[in-house]
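Nothing in this text is a laboratory measurement; each read-out follows from the coordinates by a stated rule. Treat the numbers as computed from the prediction; the structure is a model and nothing was measured. In this analysis, Cβ positions are derived from the backbone assuming ideal geometry, glycine residues included, and neighbour counts consider all displayed protein chains.
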Amino acid sequence: MASIRDIARQAKVSPGTVSRVLNNDPTLSVADDTRQRIHHIAGELKYQKTTRKNKSIQIITYASRAKEMSDPYYREIRLAIEAEVKRLNLSLKRTIRIDGQQDDIVDAKKVEKAGAIIVIGNFSIKALKHLKSHNANMVVINNPQAPKSIDAVYSDLSYAMTHLLDLIKEQGLTDIAYVGGNHTIRELDGTTTSQATDVRYQAYKDWCATHDIQPITLLNGWKKEHGEVALNHFFAEFDSLPQVFIAGNDMIAIGILQQLQDKKIDVPNDVKLISFNDSEVIQYVVPSMSSVHIPVDEFGRTAVRMAEERINNTRQNAIHVVVEAQLKMRNTFKF
């Protein structure tokens, strides 16, 4: 490929003059024949101007600052994104938060100016399509409902739950309770338009129906206190506790575990407990927590790599990457 220096050498002018002519610098004073000669030589040499790639990434997230700090799920995704951005010599723009706690307005110009955008959270299909209309270089994290025309990375939690229940049943245990919550679907103005049934809960219900097992569920939220409330509910409403509790996330599981310990109920000998997520927070609980590891760190790393492919124009077709969710067996339930 011809360079500016190649053109300058043949035109017998400086590289700076060539650059300014080819970039139509209005402040440059140069003879018309020189200008024409430079353009003619550039055409003969098939010179192509190189454009500087926009290597900036814009995060658009469902989580407020407070939620991101308190919820290990969102925190670990952010840390993984930041580390991969640094490794690939990209840059991060200031995060846009659509958390429903303020008058959220997405600045379309900010979205358009980014090299790529990474979207975290349960946004509506309408919202995702709107974002894509402003920046086609887009990756969605942990939303399997993302249109197939938009890059996405997530785990198949329906399969993970079904596989977990099959393993539990193989141990001769069928009295299994699920404690979790629902998900809100958010628009770009921060409003909540609907509630989405969590895929883990739906898979649990379907599995119980398939095996003619009575489901035992409580869906009241995703925080530690929701796990505590769930245990109090079970104590009040049932004569005995189930053999196994499955918690929709680690925070719920910690709340359940603490209540069981307060009631002097032995885990895992009296009641077994398994969580979802396997975040860093459960490293500090005793006994150690069995958990289905949702690889949020891999979500972050993969999303950044997918964004870089779009920035470099090395891939034109959208892809959905499904990352395996693995069961980590520890002391609250060993198979």
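Of 65, 186, 52, how do they rank once you tally other Cβ atoms within 10 Å and put the fewest first?
Fewest-to-most Cβ neighbours within 10 Å comes out as 52, 65, 186.
Along Cα→Cβ, 7 Å out, is where each label goes; now give me the distance between the ones at residue 212 and residue 125 in nm to one decimal.
Those two pseudo-labels are separated by 3.7 nm.
What is the set of long-range amide H partners of residue 123 at a cut-off below 5 Å, with H atoms built 1.01 Å from backbone N?
Here 186 satisfy the definition.
Quick check: pseudo-label points 7 Å beyond the Cα along Cα→Cβ at residue 322 and residue 101, how many nm apart are they?
3.5
Given contacts defined as C-alpha pairs under 8 Å and at least six residues apart, what's the relative contact order of region 4-44, whole-number percent?
Result for region 4-44 is 43 percent.
Which pairs in the list 67/148; 12/46; 205/328; 86/224 are over 26 Å apart, alpha-carbon to alpha-carbon?
With Cα atoms farther than 26 Å apart: 67/148; 86/224.
Determine the dipole magnitude for the chain: charges of +1 sit on the beta-carbon of Lys and Arg, -1 on that of Asp and Glu, nothing else is charged, the reference point is the Cα centre, and the result goes in debye to the nearest 20.
2140
Can you list residues from other chains, or at least 5 along the same chain, whose modelled amide H is less than 5 Å from the amide H of residue 327?
Amide H neighbours of residue 327, under 5 Å, 5+ apart: 293.
Over the Cα atoms of region 84-166, compute the convex hull volume and normalise it per residue, giving Å³.
Measuring per residue, one finds 135 Å³ for the Cα hull of region 84-166.
Based on DSSP H runs of at least 4 residues, each adding -39500 (n - 2.57), what is the mean residue ellipticity at 222 nm of the chain after dividing by all its residues, to the nearest 500 deg cm²/dmol?
Counting only the DSSP helices, I get -12500 deg cm²/dmol.
Rounded to a whole number of µm²/s, how large is the Stokes-Einstein D of the chain at 20 °C and 1.002 mPa s, given Rh as the Kirkwood radius over C-alpha pairs?
Once the numbers are plugged in, D ends up at 93 µm²/s.
At a Cα cut-off below 16 Å, give the lysines reachable from residue 93, other chains included and same-chain residues fewer than 8 away excluded.
Cross-link targets: 53, 55, 109, 110, 113.
Order these by the 10 Å Cβ neighbour count, fewest first: 310, 20.
Ordered from fewest to most neighbouring Cβ atoms within 10 Å, 310, 20 come out as 20, 310.
Give the residue from 79, 155, 56 lying farthest towards the positive end of the charge dipole for region 55-185; charges sit on Cβ (+1 for Lys and Arg, -1 for Asp and Glu) and the dipole is referred to the Cα centre.
With unit charges placed on the Cβ atoms, the residue in question is 56.
Residue-wise, which Karplus ³J(HN,Hα) couplings in Hz belong to region 8-15, taking 6.51 cos²θ - 1.76 cosθ + 1.60, θ = phi - 60°, and x for glycine or proline?
4, 4, 6, 7, 6, 9, 7, x
Explain nothing, just compute: Karplus ³J(HN,Hα) = 6.51 cos²θ - 1.76 cosθ + 1.60, θ = phi - 60°, for every residue of region 176-193 in order, whole Hz, x for Gly and Pro.
Karplus values, whole Hz, x for Gly and Pro: 10, 10, 10, 10, x, x, 9, 10, 8, 9, 10, 8, 6, 8, x, 6, 9, 9.
In region 206-243, whose amide N lies under 20 Å from the spot 7 Å out along Cα-to-Cβ of residue 174? List them in ranges.
Flagged as within label range: 206-217, 239-243.
Helix 250-262 sits at what angle to the longest principal axis of the chain, using alpha carbons and giving 0 to 90 degrees rounded to 10?
Tilt of helix 250-262: around 20 degrees.
Under the rule of at least 5 residues apart or a separate chain, name every residue whose amide H is placed under 5 Å from the amide H of residue 273.
245, 333
Among rounded, prolate and oblate, which fits region 4-44 when a ≥ b ≥ c are the square roots of the eigenvalues of its C-alpha gyration tensor, a/c under 1.5 means rounded, and a/b larger than b/c means prolate? Walk me through the numbers before you get to the answer.
Numbers: a/c = 1.61, a/b = 1.37, b/c = 1.17.
Verdict is prolate for region 4-44.
Kindly write out, for region 235-245 in residue order, the coupling ³J(HN,Hα) from the Karplus curve 6.51 cos²θ - 1.76 cosθ + 1.60 (θ = phi - 60°), rounded to whole Hz, with x marking Gly and Pro.
Taking θ as phi minus 60°, the curve returns 4, 7, 9, 10, 6, 9, 7, x, 6, 9, 9 Hz for region 235-245.
What Rg and what Dmax come out for region 1-159 when only alpha-carbon atoms are used, in angstroms?
Gyration radius and largest Cα-Cα distance of region 1-159: 23.0, 71 Å.
Considering only the chain, what is the antiparallel percent among its DSSP beta bridges, to the nearest 5?
Just about 20 percent of them are antiparallel.
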